[in-house]
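Accompanying notes for the structure given below.
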Amino acid sequence: MKKLIAFFFLFSLSVAFGQNQKIYANTTDTLNIIADNFIGYDQFAFYYYIKDDVLHKTKGKESLQYKNPSLGKITKVDIQNPLKIVVFYENFNVAILLDNQLNEIQKVNFSENTIPITVSAIGIASQNRLWVYNILDQQIGLFDYIKNDYKTISTSFPESLKYYQTDFNTFYWIDNKNNWYSCDIFGKIKTRGKTPDFDVIEIINESQYIYSKNNALFFEDLEKKQKHEIEISKKTFKNFYYKDQILSIFTSEGIINYKITTP
């Protein structure tokens, strides 16, 4: 019996120790840019950022820009598909689709749709569609920008969106009570769990995310019930972006890339 108690005591200590272990980040390179917001980078190593409501795309000496002053402030940029970049102007309820040279492919004015849509969240989805959160009915929908067709796929949300993130097949969101949900393209909603309070957060997959609070960075896995602080050299930053074990920290001086290994 004593051996059994000792075993559980040591096991609980090992779990607690594992949850408190830090993830150490190694600096790989830096990029000196002056920006208002850092979007991220694509699979071709192009970096995207916004300065004075102009979208910039850059790699080495190659630099492209897109601006549309008539639509005002850029609210959201989705770069998941570099051949169809989505630039959203919430104040005008308009999304612009760009090609890889930042040329305008298509303009989608949701106010002109036969079904009333006022968009507050957007992202590119599969099969020529856009994820849309329609604030008028507080529901998620899919908008086919080729057929100009809109379809609601979810029920109304009881709470407002605090954060959202999309990929081609999933719409993730965290409500104002820090409850985390997902919705697939068929409208199936799942409860993922509850996140801690955060300043910035990025969802990695269905159970993992990285978040910052008071300039401290954390990696958390809800499925494994593990939480690790990420140790970086920069103690103050505006934003971050994570992709394929590279953590990009956006500061007032530019971008610092770190190599990290998540558990």
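Working only within the stretch 211-247, note down all residues that are farther than 12 Å from Ala25 by Cα, assigned to a loop (DSSP other than H, G, I, E, B) and touching a residue at least 60 places away in the same chain (Cβ under 8 Å).
Within the stretch 211-247, Lys225, Lys238 qualify.
Got a number for residues in the stretch 143-153 being more than 16 Å from Ser182 (Cα to Cα), in a strand (DSSP E or B) and either touching an Asp or Glu at 6+ places or on another chain (Cβ under 9 Å) or open to solvent by less than 50 Å² (accessible area, probe 1.4 Å) (or both)?
4
Just to verify a result, which residue in the stretch 207-228, among those that are under 14 Å from the mean Cα position of the chain (by Cα) and of a type outside the set (Ser, Thr, Tyr), is least open to solvent (accessible area, probe 1.4 Å)?
Here the answer is Ile210.
Which residue out of Ile115, Ile140, Ile146 is touching a Ser or Thr at 6+ places or on another chain (Cβ under 6 Å), over 20 Å from Gly40 (Cα atoms) and β-branched (Val, Ile, Thr)?
None of the other options fit; the residue is Ile140.
Just one of the numbered conditions (1) open to solvent by 50 Å² or more (accessible area, probe 1.4 Å); (2) at pLDDT 95 or above is not true of Phe198; which one?
(1)
For Gly72, state whether it is more than 18 Å from Ala121 (Cα to Cα) and not charged (D, E, K, R).
No: the conditions fail for Gly72.
What are the residues in the stretch 248-263 that are assigned to a loop (DSSP other than H, G, I, E, B), open to solvent by less than 10 Å² (accessible area, probe 1.4 Å) and either under 21 Å from Asp167 (Cβ atoms) or of a type in the set (A, V, I, L, M) (or both), if any?
Selection gives Ile260 alone.
For the stretch 102-122, check the following and say yes or no: at least one residue is in contact (Cβ under 8 Å) with a residue 24 or more places away in the chain, in a loop (DSSP other than H, G, I, E, B) and within 18 Å of Lys188 (Cα to Cα).
Checking the stretch 102-122: not a single residue is in contact (Cβ under 8 Å) with a residue 24 or more places away in the chain, in a loop (DSSP other than H, G, I, E, B) and within 18 Å of Lys188 (Cα to Cα).
All but one of (1) part of a loop (DSSP other than H, G, I, E, B); (2) open to solvent by less than 50 Å² (accessible area, probe 1.4 Å); (3) farther than 29 Å from Lys188 by Cβ hold for Ile96; which doesn't?
(1)
Check Lys61, Lys73 and return the single one that is free of Cβ contacts under 8 Å to residues at least 12 places away in the same chain, basic (Lys, Arg) and exposed (fewer than 14 other Cβ atoms within 10 Å of the Cβ).
Sole residue among the options that is free of Cβ contacts under 8 Å to residues at least 12 places away in the same chain, basic (Lys, Arg) and exposed (fewer than 14 other Cβ atoms within 10 Å of the Cβ): Lys61.
Can you tell me which residue among Ile189, Ile204, Ile140 is on the phi < 0 side of the Ramachandran plot, among the hydrophobic types (A, V, I, L, M, F, W, C), buried (at least 17 other Cβ atoms within 10 Å of the Cβ) and in contact (Cβ under 8 Å) with a residue 24 or more places away in the chain?
So the residue among Ile189, Ile204, Ile140 that is on the phi < 0 side of the Ramachandran plot, among the hydrophobic types (A, V, I, L, M, F, W, C), buried (at least 17 other Cβ atoms within 10 Å of the Cβ) and in contact (Cβ under 8 Å) with a residue 24 or more places away in the chain is Ile140.
How many residues are touching a Gly at 6+ places or on another chain (Cβ under 8 Å) and open to solvent by 60 Å² or more (accessible area, probe 1.4 Å) if we restrict to the stretch 34-58?
1
For Thr30, state whether it is open to solvent by 80 Å² or more (accessible area, probe 1.4 Å), farther than 30 Å from Glu253 by Cβ and modelled with pLDDT under 95.
So Thr30 does not fit the description; no.
Residues Tyr41, Tyr89, Tyr24: which one is of a type outside the set (S, T, N, Q) and free of Cβ contacts under 8 Å to residues at least 40 places away in the same chain?
Criteria check complete, one pass: Tyr89.
In the stretch 82-89, is there at least one residue being touching a strand residue (DSSP E or B) at 6+ places or on another chain (Cβ under 9 Å), assigned to a loop (DSSP other than H, G, I, E, B) and surrounded by 20 or more Cβ atoms within 10 Å (Cβ to Cβ)?
Within the stretch 82-89 (the criterion being touching a strand residue (DSSP E or B) at 6+ places or on another chain (Cβ under 9 Å), assigned to a loop (DSSP other than H, G, I, E, B) and surrounded by 20 or more Cβ atoms within 10 Å (Cβ to Cβ)), the answer is no, since none of the residues qualifies.
Taking the stretch 154-186 as the search range and keeping residues that are open to solvent by less than 60 Å² (accessible area, probe 1.4 Å) and in a loop (DSSP other than H, G, I, E, B), which one is nearest to Ile115 (Cα to Cα)?
Ser154
The values are calculated or read from the model by the stated rules, or taken from the named source; none is laboratory data. Just so it is clear, the model here is predicted, and its values are computed rather than measured. When we count neighbours, we look across all protein chains shown, and the Cβ atoms used for this are built from the backbone with ideal geometry, even at glycine. For accessibility, only protein heavy atoms count, side chains too; no ligands or nucleic acids. Shrake-Rupley method; radii C 1.70, N 1.55, O 1.52, S 1.80 Å.
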